[in-house]
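Read the structure below first, then the notes.
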Amino acid sequence: MMGLESKHIILGVTGGIAAYKSAEIVSRLRRLGADVHVIMTRNATEFVAPLTFQTLSGNQVVTDTFQTPENWQVEHVALAQLADAFLVAPATANMLAKMACGLADDMLSTTLLATKAPVFVAPAMNTGMWEAAATRENMSRLQARGVKVIGPGTGKLACGDVGAGRMSEPAEIVEALQAYFAEGEDYRGLRVLVTAGGTRERLDPVRFMTNDSSGKMGIALARAAQGRGAAVTLVYGAVTQPLPEGVSCIPVESARDLLRVMEKETPRHDIIIQAAAVADFRFRDASDQKIKKNGQHEITLVMVENPDVAEAVGRLKKAGQTLVGFAAETGHLEENAEGKLTRKNLDLIVANDVTRPGAGFNTDTNIATLIWRGGRQEMPLQQKTELAGKILDRILALRKEGR
Ligand code: CTP
């Protein structure tokens with residue numbers, strides 16, 4: 001991944017036990033060529049000495065303990081304007097609450113309020129605090145304003161609890177900054193609708209039919225589009241993955257639920273990517289009571305055709321919209337995928353031969369061929385997260401050509 005030469009990064013360190021890990025963040029950023037300026041809250045200085053950050057960053061550390069409030073006006077404007085990116089790590093519940101309210105009662109919150117640079121936060125706190133209604137509301141407000149959230153991870157916390165609230169690892173935090181600078185925000189201003197996971201077709205209140213889809217590909221696409229600045233809506237069926245932060249998520253169960261949501265959401269999106277594994281059939285005689293054995297040795301279940309959601313979305317397509325579908329095949333890959341491209345009025349189809357090891361359902365990797373009218377591109381075995389980025393690149397290239 002790219003270096004961070006000539007980037008000015010302001011790192012805000014707040015008072016949490018994870019503050020010691022921020023020293024590693026500074027070292028990593030410096031190794032990538034960034035100019036790092038650290039602002040510490042008074043509480044942070046109780047955990048780590050400012051001298052540590054001063055030595056590692058090579059810049060004067062700004063703390064509330066050393067500066068008088070009169071200096072704030074000059075200093076906060078200077079750093080706020082200098083920043084190419086602002087990172088708060090660890091971000092305590094208290095600092096996130098201050099940011100959400102626009103409070104400016106110390107050097108860090110004052111500078112954050114003044115900056116126009118993109119802001120990243122790496123929350124770190126006890127699970128109860130992370131899950132508290134107030135913190136949930138604060139996070140939604142911050143994300144709605146475009147603040148990018150890294151983590152937190154799940155694991156054993158300093159207080160002994162096990163759960164969400166652990167600050168993400170320094171390497172992961174630095175990668176998020178690199179990804180931001182590498183990709184820029186080429187999806188800013190675009191509204192992207194993604195479907196993910198398998199549908200469930202109910203037989204009765206305790207039984208349903210589904211498929212092997214994990215939602216990994218669709219979730220990777222939603223996360224990547226959001227990271228590149230898009231406003232993303234994720235419509236998800238059965239998934240095994242955590243849902244991405246900062247994305248508006250709509251749950252669905254059956255193919256018919258999915259159709260209803262897509263008919264409503266399609267008109268207000270620019271790019272629609274349908275990675276969901278939709279059941280082609282549903283039970284004709286679904287029951288709202290549990291089906292009993294009643295002494296039978298055999299039962300026959302009749303299934304009837306489901307609507308083809310992608311085809312319905314294809315009929316709604318307006319100028320300026322880009323439709324992307326997937327094709328899961330076990331033979332005649334290209335011929336079948338091209339048929340779906342035309343039939344569903346798609347601009348791009350991602351074809352996988354799901355019989356190949358490392359491709360298809362419920363794996364972290366995929367092997368695919370991207371097919372569009374007049375072109376194709378082979379995607380060898382790679383992580384779904386990596387493939388997601390390449391699919392997004394191809395979509396932008398097609399849109400630039402006016403398709
Ligand atoms: N799809 C859909 N509604 C369905 C079936 C599929 O919207 N009832 C979408 C999927 O989300 C995917 C694309 O259509 O983007 C192709 O799905 P796939 O299962 O490969 O193909 P099918 O159209 O179901 O065709 P077949 O089962 O005959 O291969």
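The values are calculated or read from the model by the stated rules, or taken from the named source; none is laboratory data. Fair warning: this is a prediction, and the values are worked out from it, not measured in the lab. Reconstructed Cβ throughout: ideal geometry from the backbone, glycine too, with neighbour counts over all protein chains shown.
Summary table below
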read-out	value
Top-ranked residue in segment 261-276 [being crowded, with 18+ Cβ neighbours inside 10 Å and of a type outside the set (Val, Ile, Thr); ranked as nearest to Arg200 (Cα to Cα)]	Ala276
Filter result (in contact (Cβ under 8 Å) with a residue 12 or more places away in the chain and either near the ligand (Cβ under 9 Å from one of its atoms) or at positive phi (or both)) within segment 295-313	Glu305, Asn306, Pro307, Asp308, Val309, Ala310, Glu311, Ala312, Val313
Qualifying residue in segment 248-260 (condition: surrounded by fewer than 17 Cβ atoms within 10 Å (Cβ to Cβ) and assigned to a loop (DSSP other than H, G, I, E, B))	yes
Whichever residue in segment 314-330 is over 15 Å from Gly375 (Cβ atoms) and within 10 Å of the ligand (Cβ to nearest atom) and, among such residues, is farthest from the chain's Cα centre (by Cα)	Thr330
Identity of the residue in segment 330-361, hydroxyl-bearing (Ser, Thr, Tyr) and touching an Asp or Glu at 6+ places or on another chain (Cβ under 9 Å), that ends up modelled with the highest pLDDT	Thr330
Candidate set: segment 336-380, residues that are small (Gly, Ala, Ser) and not in a strand (DSSP E or B); chosen: the one nearest to Ala397 (Cα to Cα)	Gly374
Residue within segment 283-290 that is under 23 Å from Gly218 (Cα atoms), crowded, with 17+ Cβ neighbours inside 10 Å and not small (Gly, Ala, Ser) present	no
Helices (runs of 4 or more DSSP H) wholly inside segment 1-97 containing at least 1 residues that are out of contact with any helix residue (DSSP H, G or I) (no Cβ under 9 Å at 6 or more places or on another chain), of a type in the set (A, V, I, L, M) and at pLDDT 90 or above	50-57, 69-82
Test: Lys400 is over 18 Å from Gly218 (Cβ atoms), away from the ligand (no atom under 11 Å from the Cβ) and among the basic types (Lys, Arg)	yes
Set Ala310, Ala351, Ala359: member being touching a Ser or Thr at 6+ places or on another chain (Cβ under 6 Å), in the same structural domain as Pro205 (by TED's automatic domain parsing) and of a type in the set (Gly, Ala, Ser)	Ala351
Every residue from segment 268-285 that is within 16 Å of the ligand (Cβ to nearest atom) and under 21 Å from the mean Cα position of the chain (by Cα)	His269, Ile271, Ile272, Ile273, Gln274, Ala275, Ala276, Ala277
Scan of segment 333-376 for residues that are more than 16 Å from the ligand (Cβ to nearest atom) and surrounded by 16 or more Cβ atoms within 10 Å (Cβ to Cβ), ordered by number	Thr363, Thr365
Hits in segment 169-205 - residues which are over 20 Å from Arg28 (Cα atoms), under 17 Å from the mean Cα position of the chain (by Cα) and buried (at least 23 other Cβ atoms within 10 Å of the Cβ)	Tyr187, Val192, Leu193, Val194, Thr195, Ala196, Gly197
Segment 247-267 residues that are in contact (Cβ under 8 Å) with a residue 60 or more places away in the chain and within 15 Å of the ligand (Cβ to nearest atom), paired with ones that are of a type in the set (S, T, N, Q) and assigned to a loop (DSSP other than H, G, I, E, B) (beta carbon under 9 Å, 6 or more apart)	Leu258/Thr199; Thr266/Gln321
2 or more residues in contact with a helix residue (DSSP H, G or I) (Cβ under 7 Å, 6 or more places away or on another chain) and more than 25 Å from Glu169 (Cα to Cα): qualifying helices (runs of 4 or more DSSP H) within segment 104-145	107-114
Yes/no for Ala279 being crowded, with 18+ Cβ neighbours inside 10 Å, modelled with pLDDT of 95 or more, in the same structural domain as Phe326 (by TED's automatic domain parsing) and within 19 Å of Leu316 (Cα to Cα)	no
Subset of segment 186-229 (residues that are among the β-branched types (Val, Ile, Thr) and either without any contact (Cβ under 8 Å) to a residue 40 or more places away in the chain or over 20 Å from Leu398 (Cα atoms) (or both))	Thr195, Thr199, Val206, Thr210, Ile219
Residue satisfying all of: in segment 153-202; outside any strand (DSSP E or B), charged (D, E, K, R) and within 30 Å of Val350 (Cβ to Cβ); modelled with the lowest pLDDT among these	Glu183
